[in-house]
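Working notes, structure below.
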Amino acid sequence: MIEACGVPHPEIDLIVVNGQAVDFDYAIASDADIELYPVGTTSTDFREKRLQVPIGRAFVADGHLGRLTRNLRLLGFDVAYDPRAEDPQLLRVMERENRALLTRDRRLLMHAVVKTGYFPRSQNADQQTIEVIRRFDLHGSIAPFTRCLHCNAPLQKVSKAEIIERLEPLTKIYYEQFRRCMGCGQIYWPGSHFSKLQKRIEEIRVNSTS
Ligand SMILES: [Zn+2]
């Protein structure tokens, strides 16, 4: 009944019917006062009756959320993403790898197999990133430059000597610190746009606390 009004179940943390907290499978028998509370409600009432179970910090994002995915990976978060993935594949990855679903498709979020998910309100990727950090309480886990932006695998520190053959002449001269992706082998270093990235990360970090 709630979803018929357009609200996906992963957005609801508490349902109170005639003063009693109930589960999603509660059937309305007659006229009733129904109160719905979103995730993040500060009220301490019915604390043990909350419907959203916090799951790990892994996500799967739909094909329209490429920029959000990149931002979250930049901050160190594990986000599965395939721009060509259709709905069944997204749901499969979500279930198999116990990931929270990020999607701007409200109907997909209403799918019965979705346990945890989120509909980013903003169309702006930085704003969406702030929303996700708040929704999943990720602020304390931000670890910039630890994950590959292309393939999502973790990065590991690597000595310059190990990868020097693969560097451009100027990079060889000017940079000393390198990380390599354990998945695709991509090499990262704090290059010319590094300070710009750091500034963006700092803005996201500050805005996600307020
Ligand atoms: Zn990679």
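The values are calculated or read from the model by the stated rules, or taken from the named source; none is laboratory data. Predicted, not measured: the structure shown is a model, and the values here were computed from it. Positions of Cβ are backbone-derived with ideal geometry, glycine not excepted, and every protein chain shown enters the neighbour counts. The accessibility values were calculated without ligands, DNA or RNA, using every heavy atom of the protein model including side chains. Shrake-Rupley method; radii C 1.70, N 1.55, O 1.52, S 1.80 Å.
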On a 1.4 Å probe surface of the protein chains, which of Ser159, Ser192, Ser208 comes out largest in accessible area, and what is the full order?
Ser192, Ser159, Ser208
Applying the gyration tensor rule to the Cα atoms of the chain (axes a ≥ b ≥ c; rounded if a/c under 1.5, else prolate if a/b exceeds b/c, else oblate), the class is prolate
Ordering 86-99, 38-51 by per-residue average of other C-beta atoms within 10 angstrom, highest first, gives 86-99, 38-51
Cα-based convex hull, region 48-127, per residue volume (Å³, whole number)
106 Å³
Farthest toward the dipole's positive end in the chain, which of Asn152, Leu36, Ser122, given Cβ charges of +1 (Lys, Arg) and -1 (Asp, Glu) about the Cα centre?
Asn152
For the chain, report the accessible area per residue in Å² (1.4 Å probe, heavy atoms, rounded to an integer).
60 Å²
What's the carbon and sulfur percent of region 69-156's accessible surface, probe 1.4 angstrom, rounded to a whole number?
45 percent
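For Glu3 and Thr146, calculate 0.36 nm times their separation in residues minus their Cα-Cα distance, and state this gained length in nm to one decimal.
47.7 nm
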Lys pairs, the chain - Cα-Cα below 30 angstrom, 8 or more residues apart or on other chains
9
For the full complex of protein chains and a 1.4 angstrom probe, list Asp13, Asp33 by accessible area with the highest value first.
Asp33, Asp13
Output wanted: per-residue J couplings in Hz (rounded whole) for region 186-203, from phi through Karplus 6.51 cos²θ - 1.76 cosθ + 1.60, θ = phi - 60°, x for Gly and Pro.
4, 9, 10, 8, x, x, 5, 8, 4, 5, 5, 4, 4, 5, 4, 4, 5, 5
